[in-house]
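The values are calculated or read from the model by the stated rules, or taken from the named source; none is laboratory data. This structure is a prediction, so every number in the text was calculated from the model and none was measured. Here the Cβ positions follow ideal geometry from the backbone for every residue, glycine too, while neighbour counts run over all protein chains shown. Side chains are part of the model used for accessible areas, which takes the heavy atoms of the whole protein and leaves out ligands, DNA and RNA. Shrake-Rupley method; radii C 1.70, N 1.55, O 1.52, S 1.80 Å.
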Amino acid sequence: MKPWLFLLLLASFNVHCLASSVITITTLWIPNGTVDTAYSAAINASNGCTPYKWTIASGTLPTGITAKASSNTTSFNLTGTPTKKVTDSFVVKATSCDGGVSQASYKIVIQPTANHVVNLDWNASTSSDVVGYNVYRSPDAATWKKINVSLIGPTLYSDSTVANSSTYYYAATAVDVKGKESAKTPPVKAIVP
C-alpha cells in the first residue's frame, strides 16, 4: 500500500468518528408550572464526551427556579418553586469536553393557579402483602419524580399540580410491608389543554 493512501484512509476514519459524536440536546420541550407549586424538569443531552458544561446562554428562568447539572452532567435539572405568574424564554447551551456545542430554546409559562386536574386510577396489585402505592410523574417518560407525600391506599390519585398546555407521563408502583417497591407500571400520557 502506498504511504499517502494509508494516511488518507486514516484521516477519513478520524473525521467520521468526530462527526458521529457531536453533542446533542435531546429534550424538545419542558413542562409549564404553577405559582407556589414545586417544579421539576430535566434537559438531557447525549453524544460528545463528558463532562458536559451547562449554561443559560440567554434569557432567564422564572423566579424561584434554578438550574444545576446532574451528577453525571448529562442533564441540566430545573427545580424550585415559582413565586409569580410569568412567561420566560431562555436558551440552554451544553458544551462537551471536546468543545462541541449544542443549544436549544425553551419557554416556561408559570400560571397563577392550577386550572386542571389529572385523575388516575389503576388495577390493584394481586400480591397480598402490598400496603400502598406511589405515583410518579415525568415530562418525558424518562425522568421520574414521586408526587405523593405518603403511600396511597386506594388505587386512585388526583394530580391538581398540572399546568396548562403541558404533557405529563404517569406511572405507579406497589409497596409491600417491608417497604420494597415494585417496578413502575407502563407510563400513561396525559395532555393538559
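Assigning unit charges at the beta carbon (Lys, Arg +1; Asp, Glu -1) and nothing else, what dipole magnitude in debye, to the nearest 20, does the range 67-193 show about its Cα centre?
320
Normalised by the residues of the range 76-147, what does the relative contact order come to in percent, with Cα pairs under 8 Å and at least six apart?
After rounding, I find 21 percent.
At a 1.4 Å probe radius, carbon and sulfur cover how many percent of the accessible area of the range 109-171?
Ligands and nucleic acids excluded, carbon and sulfur give 50 percent.
What distance in nm lies between label points placed 7 Å from Cα along the C-beta direction at Thr37 and Lys145?
According to this spin-label approximation, the distance is 1.1 nm.
What's the extension gain from Val22 to Lys189 if we count 0.36 nm per residue and subtract their Cα-Cα distance?
Result for the pair: 57.0 nm of gain on full extension.
Between the alpha-carbon centers of the range 34-104 and the range 131-193, tell me the distance in whole angstrom.
First find each Cα centre; the distance between them is then 23 Å.
Taking only the C-alpha atoms, wrap a convex hull around the chain and report its volume per residue in Å³ as a whole number.
Output value, Cα hull per residue: 166 Å³.
Given the options Ala45, Ser127, Ser165, identify the residue whose Cα lies farthest towards the positive end of the charge dipole of the chain (+1 on Cβ of Lys, Arg; -1 on Cβ of Asp, Glu).
Farthest along the dipole direction, towards plus: Ala45.
Per q in 0.13, 0.22, 0.25 1/Å, what log10 I(q)/I(0) does a Debye calculation on the alpha-carbon atoms of the range 102-193 return?
-0.49, -1.12, -1.34
Could you work out [θ]222 nm for the chain from helices alone, using -39500 (n - 2.57) per DSSP H run of at least four and dividing by all its residues? Round to the nearest 500 deg cm²/dmol.
-3000 deg cm²/dmol
Can you find, among Ser75, Val188, Ile110, the residue sitting farthest towards the positive end of the charge dipole of the chain, where Lys and Arg contribute +1 and Asp and Glu -1 at Cβ?
Ranked along the dipole, the leading option is Ser75.
Working from Cα positions, state the angle (0 to 90°, nearest 10) between the long axis of helix 3-19 and the longest principal axis of the chain.
Compared with the principal axis, the helix lies near 20 degrees.
With every protein chain kept in place and ligands, DNA and RNA left out, what is the accessible area per residue of the range 77-144? Probe 1.4 Å, answer in Å².
Accessible area per residue, the range 77-144: 52 Å².
Mean-square fluctuation check for the chain, GNM, Cα pairs under 10 Å: which of Pro82, Pro62, Pro51 is largest?
The residue with the greatest mean-square fluctuation here is Pro51.
Counting DSSP beta bridges with both partners in the chain, what percentage is antiparallel, nearest 5?
95
Ranked from highest to lowest mean number of other Cβ atoms within 10 Å per residue, what is the order of the peptides 117-130, 85-98?
By packing density, highest mean first, the sequence is 85-98, 117-130.
Sum up the charges of everything whose Cβ sits under 15 Å from the Cβ of Ser40, counting Lys and Arg as +1 and Asp and Glu as -1, but leave Ser40 out.
Taking every other residue near Ser40 into account, the sum is +1.
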